[in-house]
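Derivation of every value follows stated rules applied to the coordinates shown; laboratory data play no part. Not measured: the values here are computed from a predicted model. Virtual Cβ from ideal backbone geometry, glycine too; neighbours counted across all protein chains shown.
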Amino acid sequence: MENDKRIRFSLSKKIAVLVPGIVLIVSMVLLTLTYSHYRNQMFLHYEEFGMNIASLAAAQLDPDRIDMWLSTGEKDEAYEASFEQLCKIQQHGGIMYLYVVKPEEEEVWYVMDTDPSEGAIPLGYHEPYYEGAFADNAQKMVRGEAVGPLVSNEEFGWLMSVYYPLRTSAGEPAGYVGVDIQMNNVMRDLSGFVRQLVVLMVVIACIISAIVIEGTSRTLATPIRKLADSAAQLVETERKGSIMESSIFSQMEIKSQDEVGVLYQSLRQMEQDMNAYVRELLQVTAEKERIGAELNVATQIQADMLPNIFPPFPERREFQIYATMNPAKEVGGDFYDFFLVDDSHLAMVMADVSGKGVPAALFMVITKVLIKNRALMGDSPAEILYNVNNQLCDGNEADLFVTVWIGILNLNTGEGVAANAGHEHPVVCRKNGLYELVQYKHSPAVAVMEDMKFKEHAFRLHPGDRLFVYTDGVPEATDADNKMFGTDRMLEALNENPLSEPEELLPRVKTAIDAFVGDAPQFDDITMLGFHYQDNVTAGDAKELTLEASVENLNRVLDFLEGPMDSVECPLSVQTQLNIAVEEIFVNIAHYAYTPGKGDATVRVETDKKNRSISVTFTDRGIPYNPLEKADPDTTLSAEERQIGGLGIFMVKKSMDAMEYRREDGMNILTIRKNC
């Protein structure tokens with residue numbers, strides 16, 4: 001009412017009554033015809049689209065099985081295969097619902113429903129027909145006749161339901177494939193179309209009226225031109241991204257108290273709102289730049305948390321290890337880790353947190369720290385996962401979980417224990433062989449449920465063997481056609497040169513992934529770790545040899561000892577004593593450690609050039625035997641009087657400067673030391 005009081009001479013009084021009336025009638029006729037045609041074309045388009053989707057879905061079904069599925073309620077392989085195809089059609093078809101029903105006299109039975117939510121209707125569910133168009137067409141549907149599209153506006157909003165009849169191989173009605181297309185946007189578009197037509201007709205009416213009534217030009221042309229100039233100036237200002245200190249429209253002097261005056265006030269308000277919006281947009285942009293900078297810092301922090309200095313243990317030559325992590329986003333949920341639990345045990349971890357971005361990265365940090373802490377406390381892999389699982393489940397409101405592969409390897413013997421919590425299968429390359437997947441049953445992922453027990457299994461790496469572990473970002477890397485890289489291509493990349501060291505191996509796999517993916521975006525983190533358990537490795541002044549404990553290998557052991565003895569310049573007499581002691585101990589292991597079976601022994605030689613001494617350690621997994629507990633023979637007795645046995649060990653004790661024994665992790669470990 002207040003606006004009406006300010007308009008003393010409204011435009012309706014300045015324009016002749018006849019012209020606006022004619023324009024209005026013509027406009028209404030055109031509006032009605034155009035709307036009707038547009039609506040019919042739109043509905044026809046969606047009807048054809050729905051029928052195409054329905055017919056495509058029908059091609060994936062076997063109508064002869066529908067009655068069997070409903071009667072038994074069982075989902076066989078054919079059902080599952082058809083359901084999977086229908087889910088793909090719904091996912092890529094841009095429709096709201098896709099389902100299969102069988103109409104009966106009083107109710108309709110559901111066979112399939114691809115709704116991915118928890119509200120999906122199960123096989124065998126039945127309910128009465130919806131009131132309205134559905135109930136009206138019930139008899140047609142029972143007879144299997146074609147039913148036109150049904151448009152409803154019930155609890156699901158505007159929907160167009162299209163039904164494609166299914167018939168058995170005998171031509172009998174078997175049901176319908178139903179496609180529900182969301183029509184809310186269509187109806188909104190129709191309303192928008194009407195509004196646009198109305199605006200267009202109003203503008204035409206104004207123009208015609210302005211031409212017919214010359215006097216209105218003085219009240220319309222000049223003010224509108226001023227408003228247009230000011231609007232253009234405003235657009236130019238906004239395009240440059242600047243904000244005017246004073247309002248452009250406020251500098252105008254339009255005192256008209258008709259519709260033009262109201263338009264002027266609206267434009268003036270619009271200008272103020274736009275300036276406020278630009279200010280807010282600049283603040284949001286600055287905030288995004290700040291967040292981007294912080295994410296860059298987070299990326300660097302995450303990278304620094306992972307072992308990234310190679311070689312990580314330059315003093316250890318019995319193995320080589322290398323790992324990489326390429327996150328899909330600024331920060332990722334994958335991580336790897338490796339560390340020495342003690343001087344002889346190496347822990348290796350490969351893990352993948354569900355989700356991406358900052359939440360997964362935070363969960364990853366917690367998981368990494370917990371795993372390492374438990375490992376350093378001496379837990380086995382299964383115990384580590386059990387304790388970490390319970391800690392992560394506490395307060396896990398985001399329902400994140402993590403797949404983990406963890407292995408702890410005895411570097412002296414090559415024996416290890418591993419546990420796999422829902423992670424990818426590791427890949428092993430035996431000495432001079434090819435990389436192969438090692439498949440076994442997984443435990444569930446970590447942080448899924450409290451107090452879960454995790455399985456662990458023993459494995460053995462022989463000198464020269466290699467290990468490759470990775471996250472699912474490697475086999476699931478996808479190209480532009482949604483084809484996955486897969487484990488077969490991964491093994492091909494690994495086996496191009498299986499003897500290459502980890503520093504060369506991992507970049508070669510990443511290059512193969514990049515070549516396969518091409519320009520497709522990376523959607524998952526790609527993390528890999530390579531390990532080489534080296535043959536006859538030397539660690540500083542230490543050297544190690546693993547071989548079968550048999551008398552036939554005695555010469556290999558003595559030849560293996562020759563180099564270290566020369567390096568500390570052992571006199572010939574000392575070398576003879578060492579050779580006799582080594583022969584006595586190794587032959588005893590060969591004869592008695594694994595009787596009646598066979599097994600391996602590891603000989604480790606350590607030299608101290610400064611003090612000119614040499615130590616030899618024998619390790620086997622035979623029956624427990626401590627030679628130091630055996631009583632020394634009485635050498636004052638004659639050979640006929642002495643009890644048989646024990647003289648060889650007695651000679652070793654007397655000729656060596658030190659001799660130690662311990663039983664550890666199921667192994668006999670005997671060390672002798674001789675000063676040169």
Given pairs Lys288/Lys372; Lys368/Lys610; Lys75/Lys510; Lys75/Lys441; Lys75/Lys368 and cut-off 31 Å on Cα-Cα distance, the over-length ones are Lys288/Lys372; Lys368/Lys610; Lys75/Lys510; Lys75/Lys368
Average Cα contact separation per residue, the stretch 541-675, under 8 Å, 6 or more apart, as relative contact order %: 27 percent
Relative to the longest principal Cα axis of the chain, at what angle does helix 216-239 sit, 0 to 90 degrees, rounded to 10? 10 degrees
Mean separation of Cα pairs under 8 Å and 6+ residues apart, divided by the residue count of the chain: what relative contact order is that in percent? 8 percent
Cα axis of helix 77-93 to longest principal axis of the chain: angle in degrees, 0 to 90, nearest 10? 50 degrees
Give me a comma-separated list of calculated 3J(HN,Hα) values for the stretch 29-45, in order, Karplus coefficients 6.51, -1.76, 1.60 applied at θ = phi - 60°, integers in Hz, x for any Gly or Pro. 4, 4, 4, 5, 5, 5, 4, 4, 5, 5, 5, 4, 5, 5, 5, 4, 4
Write down the Kirkwood hydrodynamic radius of the stretch 308-533, to one decimal in angstroms, obtained as one divided by the mean of 1/r over all alpha carbon pairs. 17.7 Å
Diffusion coefficient in µm²/s returned for the stretch 20-187 by Stokes-Einstein, Kirkwood Rh over C-alpha pairs, 25 °C and 0.890 mPa s, is 142 µm²/s
Per DSSP H run of n ≥ 4, the term is -39500 (n - 2.57); total these for the chain, divide by its residue number, and report the mean residue ellipticity at 222 nm rounded to 500 deg cm²/dmol. -14000 deg cm²/dmol
Gyration tensor over alpha-carbon atoms, the chain, equivalent ellipsoid semi-axes in Å: 82, 37, 19
Hz values of 3J(HN,Hα) by residue in the stretch 62-68 - Karplus curve (6.51, -1.76, 1.60), Gly and Pro given as x: 10, x, 5, 9, 4, 4, 5
Between Leu628 and Val587, Cβ-based FRET efficiency (R0 22 Å, step 0.05) works out to 0.75
What is the diffusion coefficient of the stretch 541-675 in µm²/s, taking the Kirkwood radius over Cα pairs and the Stokes-Einstein relation at 37 °C with a viscosity of 0.692 mPa s? 212 µm²/s
Trp109's amide H: which non-local residues (gap 5+, or another chain) put their own amide H closer than 5 Å, with H modeled 1.01 Å from N in plane and none for Pro or chain starts? Lys102, Glu104
FRET efficiency estimate (nearest 0.05) - Cβ-Cβ, Glu476 to Val551, R0 51 angstrom: 0.45
Sequence-distant or interchain residues sharing an amide H contact under 5 Å with Arg317, placed H: which? Ala539, Gly540
Alpha-carbon radius of gyration plus Dmax, which is the widest Cα pair, for the stretch 467-616 in Å: 23.8, 74
Report the relative contact order of the stretch 20-187, percent, no decimals, based on alpha-carbon pairs under 8 angstrom and at least 6 residues apart. 25 percent
Provide the per-residue ³J(HN,Hα) series for the stretch 102-108, in order, calculated from phi with Karplus coefficients 6.51, -1.76, 1.60 and θ = phi - 60°, each as a whole number of Hz, with x at glycine and proline positions. 10, x, 10, 4, 10, 8, 10
Show the residues, 5+ positions off or on another chain, whose built amide H is closer than 5 Å to the amide H of Glu476. Gly486
